[in-house]
Amino acid sequence: MKKVDGVGKDAPTVTNEFGGKQSEVLYRFDLLDPLAMFEMTKVLKYGADKYGADNWRDIPIEEHLNHLIIHAYAYLAGDKSDEHLSHIMCRSMFAQAVEIDSEKVKDFG
């Protein structure tokens, strides 16, 4: 069973300056740039349509990082044939998620 830290019945509570109580916030999703997220999700949709929605989960971290680096160098070289920064965002997220999943397997496997 997946559990996200700071979310759920056991989350610590805080009281704001007006006396309102709520769960303590451990995350800052409000800092994500909305337009960058739209660009990244365009690439996610393209990949899901082409390869399958969760195909990336079957790819090792090293391969995600290699593709990330390829996109970074292509961008730095001035290549405009692809959405390189959006691909970098996706590959970074993929590598992080695969790492998190592999840690769970190690912990519970």
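See the values below:
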item: Criterion: in contact (Cβ under 8 Å) with a residue 12 or more places away in the chain, basic (K, R) and more than 25 Å from K3 (Cβ to Cβ) - qualifying residue of R57, R91; result: R91
item: Scope region 1-57; condition modelled with pLDDT of 95 or more and small (G, A, S); matching residues; result: G19, G20, A36, G47, A48, G52, A53
item: All positions within region 68-109 that are part of a loop (DSSP other than H, G, I, E, B) and basic (K, R); result: K80
item: Residue match in region 35-57 (condition: surrounded by fewer than 14 Cβ atoms within 10 Å (Cβ to Cβ) and touching a Phe, Trp or Tyr at 6+ places or on another chain (Cβ under 9 Å)); result: yes
item: Some residue of region 58-75 being of a type in the set (S, T, Y), farther than 18 Å from T41 by Cα, out of contact with any helix residue (DSSP H, G or I) (no Cβ under 6 Å at 6 or more places or on another chain) and modelled with pLDDT under 95; result: no
item: Number of positions in region 68-105 that are under 22 Å from D33 (Cα atoms) and of a type in the set (F, W, Y); result: 2
item: In region 38-62, the residues that are within 25 Å of E103 (Cβ to Cβ) and in a helix (DSSP H, G or I); result: M40, L44, G47, A48, Y51, N55, W56, R57, D58, I61, E62
item: Conditions (1) without any contact (Cβ under 8 Å) to a residue 24 or more places away in the chain; (2) assigned to a helix (DSSP H, G or I): number failed by L65; result: (1)
item: Test: residue in region 22-40 that is touching a Cys at 6+ places or on another chain (Cβ under 7 Å) and touching a residue at least 40 places away in the same chain (Cβ under 8 Å); result: yes
item: Qualifying positions in region 66-78 - under 17 Å from Q96 (Cα atoms) and surrounded by fewer than 15 Cβ atoms within 10 Å (Cβ to Cβ); result: N66, I69
item: Meets criteria (closer than 22 Å to V98 by Cβ and loosely packed, with under 12 Cβ neighbours inside 10 Å) for L32; result: yes
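The values are calculated or read from the model by the stated rules, or taken from the named source; none is laboratory data. Bear in mind that the values here come from a model prediction, so they are computed numbers and not experimental data. Every residue, glycine among them, receives a Cβ derived from its backbone with ideal geometry; neighbour counts consider all protein chains shown.
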